[in-house]
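> Handing you a structure now.
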Amino acid sequence: MLAPVTHILPLANIRRMRTLPIPGRVLVRPGQKVSATDVIAQTRVPSGHLVLDIRRGLGIPQASAAERCVVRQQGDRLEKGDVIAESGGVFARIIRAPMDGEIVSIYGGQVLLRVRNTVTEVKAGFNGMVSDLVEDRGAIVETNGVLVQGAWGNSKIDSGMLLVLAKAPDEELANTQIEVSMRGAVVLAGHCAKADALRAGNDMQLRGLILSSLSSDLIPVAMGVNYPVLVTEGFGRIPMNEAAYRLLSTNEKRDISVCAILNPNTGNRPELVIPLPAGGETAPETDYFAYGQTVRVVGAPYSSKIGTIVQVRQGLVSLPNGLKAPAADVQFEQDMRVTVPLANLEVIK
């Protein structure tokens, strides 16, 4: 059975393709060094069109009469609030532009407004080097170093020096722990259940916050802060898996990049990268469940525990909840051996 793979690697060759959704302008060249927040490509994306019904808005029955009330011309650029049409008279009615845009046409008592283009950018995501270009779309960024993939992120990118706040994988983060000495740093913490702790990171201008887990009701708060928030395990109270915690905590005070972008459509996952001056091998993106593999459990009651597959069961296995499913026997530390559905396992590479 094909197995999902999560990378928790002390040394790997990391190559990521960063591309725009539509053609645009590439801003880097092969061999150029980039930081996590450097923009490597950008384009303008049309936001859409709006139809403004002048006849109805001014209360004029004839389309030709409504068109004569339009005080703008085709091709005019408008700012939000600019007057487009007015009826005049004692009880004059006015129609204003609801947002920035450009008049495409005036016909049949209606004005077609093209909403102004927005700039879409693609950032490098981690400190590295541009190894190749993707014509009109972006580039491939490459480095060697530590790679840890997470479960969720708030779609922001930054980098800074790693500081370890959590002294154990299952600690809970309190807002009083975020101090002025952490300004400009990426902080490794545990579970976050209080909005004040996330807001304190804003006040201290953190460059990133790495959490084991997050209370689901705090998602809107995490999305609103100015720094990247990356969750390694998921929502609820889940301790950080030992492999990720050990790897990150032993690299304290190194520069770390936090790319907290989750995009299932492109396969991008939130990830942490610590560049190292050594060569690594490219990690596989897929694998199969097999004897001897290191796996992590992603479902209760053994969430985030890491163990080794000692047997992949043949056929369907009857589980304690009464269901039958493909499963494997996994051995954890202290010789504890349990049967876990394959759907609740992912290979650690």
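The values are calculated or read from the model by the stated rules, or taken from the named source; none is laboratory data. Given the structure is predicted, the values throughout are model-derived calculations rather than measurements. Neighbour counts run over all protein chains shown; Cβ positions are idealised from the backbone, glycine included.
> From the list P320, P284, P301, exactly one residue is of a type outside the set (S, T, Y), part of a loop (DSSP other than H, G, I, E, B) and not assigned by TED's automatic domain parsing to the domain that holds Q334. Which is it?
From the options P320, P284, P301, the qualifying one is P284.
> Restricting the search to segment 214-270, which residues are closer than 18 Å to K305 by Cα and among the charged types (D, E, K, R)?
Matches in segment 214-270: E233, R237, E242, R246.
> All but one of (1) part of a loop (DSSP other than H, G, I, E, B); (2) surrounded by 13 or more Cβ atoms within 10 Å (Cβ to Cβ); (3) basic (K, R) hold for R18; which doesn't?
(1)
> I need a count of the residues in segment 220-255 that are loosely packed, with under 15 Cβ neighbours inside 10 Å and farther than 23 Å from M161 by Cβ.
Here the count works out to 4.
> Pull up segment 275-295, narrow it to residues that are surrounded by 18 or more Cβ atoms within 10 Å (Cβ to Cβ) and out of contact with any Leu (no Cβ under 7 Å at 6 or more places or on another chain), then point me to the one that is modelled with the lowest pLDDT.
Q293
> When D170 is evaluated against the numbered criteria (1) of a type in the set (D, E); (2) under 24 Å from Y302 (Cα atoms); (3) crowded, with 21+ Cβ neighbours inside 10 Å, which criterion, by number, is the only one it fails?
(3)
> Is it true that some residue in segment 209-216 is in a loop (DSSP other than H, G, I, E, B) and either among the basic types (K, R) or over 14 Å from L163 (Cα atoms) (or both)?
yes
> Output the residues belonging to segment 103-122 that are crowded, with 19+ Cβ neighbours inside 10 Å, outside any strand (DSSP E or B) and in contact with a strand residue (DSSP E or B) (Cβ under 6 Å, 6 or more places away or on another chain).
Correct list: empty.
> So is S181 in contact (Cβ under 8 Å) with a residue 24 or more places away in the chain and not in a strand (DSSP E or B) or not?
It is false that S181 is in contact (Cβ under 8 Å) with a residue 24 or more places away in the chain and not in a strand (DSSP E or B).
> Output the number of the condition that G125 fails; it satisfies all remaining conditions of (1) in contact (Cβ under 8 Å) with a residue 60 or more places away in the chain; (2) over 21 Å from the mean Cα position of the chain (by Cα); (3) not in a strand (DSSP E or B).
It is condition (2) that G125 fails.
> Still on this structure: Among the residues of segment 22-65, what is the count of those that are buried (at least 16 other Cβ atoms within 10 Å of the Cβ), charged (D, E, K, R) and under 30 Å from Q110 (Cα atoms)?
Looking only at that region, the number is 1.
> Also: Scanning for something surrounded by 15 or more Cβ atoms within 10 Å (Cβ to Cβ) and in a loop (DSSP other than H, G, I, E, B), does segment 77-88 turn up at least one residue?
Yes, segment 77-88 contains a residue that is surrounded by 15 or more Cβ atoms within 10 Å (Cβ to Cβ) and in a loop (DSSP other than H, G, I, E, B).
> For segment 191-199, check the following and say yes or no: at least one residue is crowded, with 18+ Cβ neighbours inside 10 Å, touching a residue at least 40 places away in the same chain (Cβ under 8 Å) and not aromatic (F, W, Y).
The answer is yes, given that some residue of segment 191-199 is crowded, with 18+ Cβ neighbours inside 10 Å, touching a residue at least 40 places away in the same chain (Cβ under 8 Å) and not aromatic (F, W, Y).
> On to the next question. Considering only segment 304-317, state which residues are under 17 Å from P4 (Cβ atoms) and not in a strand (DSSP E or B).
Once the filter is applied, which keeps residues that are under 17 Å from P4 (Cβ atoms) and not in a strand (DSSP E or B), segment 304-317 yields S304, K305.
> So, one more: Pairs needed: first member in segment 331-347, of a type in the set (K, R); second member anywhere, not in a helix (DSSP H, G or I); C-beta distance under 8 Å; at least 6 residues apart or different chains.
That search, which allows pairs on different chains as well, returns R337/V310; R337/D329; R337/V330; R337/Q331.
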